[in-house]
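K.L.:
Below is the structure I would like to discuss, written out as structure tokens.
No lab work stands behind these numbers, since they all come straight from the coordinates. As the structure is a computational prediction, the values presented were derived from the model and not from experiment. Virtual Cβ from ideal backbone geometry, glycine too; neighbours counted across all protein chains shown.
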Amino acid sequence: MSALISSVPERAANPLDIVEQIVSENDWAFDRRSESEMAVEAPGKWCDYGLYFSWSTEISAMHFTCTFDLKVPEKRRPALYELLALANERLWIGHFGMDSDDGMPLFRHSVLLRGAPGASAESVEDMVDIAITECERFFPAFQFVLWGGKTPAEAMQAAMLECAGEA
């Protein structure tokens, strides 16, 4: 995601206004469903991600979900739940879960803005960037468990290898 802070208002009462400008500047497809809901499709290295934003004026909070284009077969869900728990231990912000209806892994995060003049462009950009970065980082582990026959611990270990240099 490119840094767009200069072209986005510093703060907005409805953080979805900032989200809309950021995703427009990135040329990502989006649907502003209402004043309180927005869906976005963002490209990634491994797959496209579905970003969903929901703003609640009643509690001054924005809920954010980043879904993977990845279905989990019923028989592999217990192993993936274990992997999600292992991944969550490594996160500072947000958490991974799985949609119980369609078995799709997702990353979630909420931001409370009570008392603040609004969300900042920097905080919204960071929230999206962190979600996509974490999804990209753990996507190989999900693949190892789902299709590679690895245990959650093996998948996590393989996904956390830091490569040095270039081949």
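K.L.:
Rounded, prolate or oblate for region 1-136? Axes are the square roots of the Cα gyration tensor eigenvalues, ordered a ≥ b ≥ c, and the cut-off for rounded is a/c under 1.5.
P.N.:
prolate
K.L.:
While we're here: For region 73-167, just the Cα atoms, rotate onto the principal axes and tell me the three extents in Å, largest first.
P.N.:
49, 41, 19
K.L.:
Mean separation of Cα pairs under 8 Å and 6+ residues apart, divided by the residue count of the chain: what relative contact order is that in percent?
P.N.:
23
K.L.:
Give me the dipole magnitude in Debye, nearest 20, for region 75-155 about the Cα centre, with unit charges on the beta carbon: positive for Lys and Arg, negative for Asp and Glu.
P.N.:
The dipole of region 75-155 has a size of about 340 debye.
K.L.:
Among 29, 148, 40, whose Cα lies farthest out toward the positive end of the dipole of the chain, if unit charges sit on the beta carbon of Lys, Arg (+1) and Asp, Glu (-1)?
P.N.:
My answer, from the dipole projection, is 148.
K.L.:
Moving on to the next point. Identify, among 61, 100, 121, the residue whose Cα sits farthest towards the positive end of the charge dipole of the chain, taking +1 on the Cβ of Lys and Arg and -1 on the Cβ of Asp and Glu, with the dipole about the Cα centre.
P.N.:
100
K.L.:
Shifting gears a bit: Quick one: what are the phi-derived ³J(HN,Hα) couplings along region 18-26, Karplus 6.51/-1.76/1.60 with θ = phi - 60°, whole Hz, x for glycine and proline?
P.N.:
Along region 18-26, the couplings run 5, 4, 4, 5, 5, 5, 5, 5, 8 Hz.
K.L.:
Still on this model: Only Lys, Arg, Asp and Glu count, each charged at its Cβ (+1, +1, -1, -1), so figure out the dipole size of region 20-159 about its Cα centre, rounded to 20 debye.
P.N.:
With Lys and Arg at +1 and Asp and Glu at -1, about 620 debye.
K.L.:
Exposed loop sites here are trypsin sites (Lys or Arg not before Pro) in DSSP loop states with at most 15 other C-beta atoms within 10 Å. What is the longest stretch of the chain lacking them?
P.N.:
Between the exposed loop sites, the longest stretch runs 115-167.
K.L.:
Shifting gears a bit: Going by the alpha-carbon gyration tensor, a ≥ b ≥ c the square roots of its eigenvalues, is region 113-158 rounded (a/c under 1.5) or, if a/c is not under 1.5, prolate (a/b greater than b/c) versus oblate?
P.N.:
prolate
K.L.:
Stretched out fully, how many nm does the piece from residue 101 to residue 58 gain, at 0.36 nm a residue minus the Cα gap?
P.N.:
Answer, rounded to one decimal: 12.8 nm.
K.L.:
Each residue of region 67-78 in turn: what ³J(HN,Hα) in whole Hz from Karplus with 6.51, -1.76, 1.60 and θ = phi - 60°, glycine and Pro shown as x?
P.N.:
9, 8, 8, 8, 9, 9, x, 3, 5, 9, 4, x
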